[in-house]
Amino acid sequence: MSMRGQVDIHWRTGELEGFAQFNLLPGITALIGPSGAGKTTLARLITGLEAPKGGTITLDGQRLFDSRENIDVRTDKRMIALVPQDSALFPHMSVYENLSFGCRIDEDLLMGLCERAGIRNLLDARVHEISGGEARRAAIIRAIASAPRLLILDEPMNGLDPKRRREMMALIRGLSDTTGQMVLMITHQAEEMLTVADNAILMDGLRATVHGPLQQVFARPETSELLDLDDAGELIIATISDRQDGMIGCALGGQTLWLPDDGEDIGTKVRLRVLARDVAIAKQRIEGISVINQIECCLVHINKRRRGTDLMLVPNGTDLHLSSRITARSLTALGLKEGDTVYALIKAVAVKELVATPKSASGS
Amino acid sequence: MISDFELAALTLSFKVAIWATLLSLPVAILVAHVMARRTFAGKTALEVLLHAPLVVPPVVIGYILLVTLAPNTAFGAWLESIGLSPAFKWQGAALASGLMAFPLMVRAIRQAFEAEPKTYREVALTLGASPWRTFWRISLPLALPGILSATALGFARAVGEFGATITFVANIPGLTQTLPLALYSAAQSPGGEAAAARLALLCLVPAIGSLAVSEWLSRRARRKRGLA
């Protein structure tokens, strides 16, 4: 994966020292962490609205900030667009005037983007006449229309109801796929990261150093600790390879993971979440059971916890991970040890598909 | 209905006050913007100096103008030589009233700039707009209601200006005699009570008129962005 930017800076927030070191990769990167982690400040530092104490920021090969060389490119020359949480549509302009304010793309393209965002019929409206969700979509289109090298979205799903939230995720994903726009999306919700992002940067206590492709970051122990995930589980990105009896099958090595059919085309990339508590373990294949998925796995790690035991499994023929949470009693009864071959029993209906809408989930 | 004498004073008052306001406004916007946005050494001192015309007796301001700009001073003589001497002319009255109106306008405009949430201009910068364009397209329009009321305030203050004007440019009918000065003369002369009363009423026209116009304009500006 080619690198598009590097951030290696430290700064001061009151008495506290902040530190960030990560690469910016193409696609959508989630900057995720709890409130107060310093995510918005980091975004402001990257855009140049605030100055770091030291370090370097590089984007597309251009040095935007370098404390040693005394380089500090002005915000308006950085081509990094920011969509703040409050959208900040200019209140004295119409929606259309807002969109054309920093516009560097042609009118047809702009209108196409408005169409996709569902704001085409709002162009003549005054800013105070549209809803919060519409304002946010307009603000995102305004930012993309300025043809930025990097688009920073600060909590774009905040304050939206679940339906609008899904639509917004689909919109962001779709816009990034079709325009190739590199996006840094600030969020504190694991669901948003898992649904939309390609890459992730973890941030906590003014430090942002854990970064990389989503699955890698998600597999790190810091992630579940930091994000307080409601349930332990794994993220699987797979491709739909089969369709039978109202189900779709995703290839996992030579095996197939079945889940309910939501109408996606074969070949579509999907993001699946399998919770550890939904995975049961058997030592051999079982007949006469309703559970459809019986995935042959290698038991690579046993992690005894206060309540139950987490098993780390690798489906044979893949480098993916599954986890299973069982009781200590089951562990003893089955006599499991690391290195064993086991079967992960997963109900098809327990495989959660993390896509905003079936159509837009298709990766480019 | 209205005498030539009254009409002359009214016209002169308008002319003086309009010029005073037009002269002060751009400088007041600039100074207000600097005071609202920047911190620099000596800012407090500048602030005191800016507010001086509000607290110093107007006569003192007029006197200072007189001793610096009158033709018998070096600078005044030079101004006279290039034909720009303001002393004892309506231009001098405009200068004196403009100076008196200035701090009021700066105050009101500064408040308008300070009330603007910084997120708008920050977003404008991230969209690639230069600081200059951001000022013209974002900060200035957003401050417009405040600037309009500052203008009305300044205009009303300039129309009512008396002390600095009479000290600097004297009270010459048709030349420097604005409404307040005419009212003063009428009140001084025996049997001028009726004339004085009429002039006093006339003084209210530009003052209340300007407030009404500015209120209407800023209401319209606010309604356009859904604030009223």
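The values are calculated or read from the model by the stated rules, or taken from the named source; none is laboratory data. None of the values given here were measured: they were computed from a predicted structure. All Cβ positions, even for glycine, are placed from backbone atoms using ideal geometry, and neighbour counts span all protein chains on display. We work out accessible area using only protein heavy atoms, side chains counted, and drop any ligands, DNA or RNA first. Shrake-Rupley method; radii C 1.70, N 1.55, O 1.52, S 1.80 Å.
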Task: Backbone HN-Hα couplings from phi across the stretch A:153-160 [Karplus 6.51/-1.76/1.60, Hz, Gly and Pro as x] - done: 10, 9, 6, x, 9, 4, x, 9
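Using a 1.4 Å probe on the protein heavy atoms, what percent of the accessible area of the stretch B:90-221 belongs to carbon and sulfur? Each step should come with its number before you reach the end.
Working: 3780 of 5530 Å².
The nonpolar share, carbon plus sulfur, comes to 68 percent.
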Task: Those residues of the stretch A:97-139 for which accessible area with every protein chain present is at least 10 Å² below the isolated value (1.4 Å probe) - done: A:PHE101, A:GLY102, A:ARG104, A:ARG126, A:HIS128
- [ ] Return the value, in Å² to the nearest 100, of accessible area buried between chains A and B (probe 1.4 Å, both sides summed).
- [x] 2000 Å²
Open item on the list: For peptide B:202-210, what's the mean number of Cβ atoms from other chains within 10 Å of each residue's Cβ?
Closed with: 0
- [ ] Please give the per residue volume of the convex hull enclosing the alpha carbon atoms of the stretch B:4-224, rounded to a whole number of Å³.
- [x] 144 Å³
Open item on the list: If the elastic network links every pair of Cα atoms under 10 Å, which of A:GLY233, A:GLY335, A:GLY61 fluctuates the most in the Gaussian network model of chain A?
Closed with: A:GLY335
Open item on the list: Can you tell me the orientation of helix A:162-179 relative to chain A, as the angle in degrees between its alpha-carbon axis and the longest Cα principal axis, to the nearest 10?
Closed with: 70 degrees
Open item on the list: Which positions within the stretch A:58-87 get 10 Å² or more of their accessible surface covered by the other protein chains, compared to the chain by itself, with a 1.4 angstrom probe?
Closed with: A:ARG74, A:THR75, A:ASP76, A:ILE80, A:ALA81, A:LEU82, A:PRO84, A:ASP86
Task: 16 Å reach of a label modelled at B:LEU204, 7 Å along Cα-to-Cβ, counting backbone N of the stretch B:164-187 - done: B:180
Task: Quarter of the Cα convex hull surface for the stretch A:1-101, i.e. its orientation-mean projected area (nm²) - done: 8.1 nm²
Task: Share of carbon and sulfur in the accessible heavy-atom surface of the stretch A:215-352 [1.4 Å probe, %] - done: 46 percent
- [ ] Take the alpha carbon atoms of the protein assembly as shown, find their radius of gyration, then divide it by 2.2 N^0.38 Å using N residues; give the quotient.
- [x] 1.41
Task: Most fluctuating residue given options B:VAL60, B:VAL48, B:VAL159, as computed from a GNM of chain B linking Cα atoms under 10 Å - done: B:VAL48
TODO: Run through all the Cα pairs of the stretch A:234-353 and give the fraction in each 5 Å bin from 0, expressed as whole percent.
DONE: 2, 11, 23, 25, 19, 11, 6, 3, 0
Open item on the list: Among A:SER67, A:SER324, A:SER87, which one shows the highest mean-square fluctuation when chain A is modelled as a Gaussian network with alpha-carbon springs under 10 Å?
Closed with: A:SER67
TODO: Give me the compactness ratio for the stretch A:5-216, meaning the Cα radius of gyration over 2.2 N^0.38 Å.
DONE: 1.00
- [ ] Roll a 1.4 Å probe over the protein heavy atoms and report the accessible area of B:THR151 in Å², nearest 10.
- [x] 40 Å²
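Do you know the relative contact order of chain A, to the nearest whole percent, from alpha carbon pairs under 8 angstrom that are 6+ apart?
Details: 773 pairs, mean separation 59.1, N = 364.
Relative contact order comes out at 16 percent.
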- [ ] Kindly report, to the nearest 10 Å², the accessible surface of A:LYS77 as traced by a 1.4 Å probe over protein heavy atoms only.
- [x] 120 Å²
Task: Residue-normalised accessible area of the protein assembly as shown, expressed per residue, 1.4 Å probe, Å² - done: 47 Å²
- [ ] Could you check the simple spin-label distance between A:ALA51 and A:ASP108, using points 7 Å along Cα→Cβ, in nm with one decimal?
- [x] 4.5 nm
Task: Cα-based convex hull volume of the stretch B:5-48 per residue, rounded to whole Å³ - done: 72 Å³
Task: Over 22 Å between alpha carbons, listed pairs A:LYS304/A:LYS337; A:LYS77/B:LYS224; B:LYS15/B:LYS89 - done: A:LYS77/B:LYS224
Open item on the list: Could you work out what % of the accessible surface of the stretch B:4-61 is carbon and sulfur, using a 1.4 angstrom probe and leaving DNA, RNA and ligands out of the count?
Closed with: 77 percent
- [ ] Starting from the exponent 0.38 and prefactor 2.2 Å, build the expected Rg for the stretch B:107-208 from its residue count and divide its actual Cα Rg by it.
- [x] 1.67
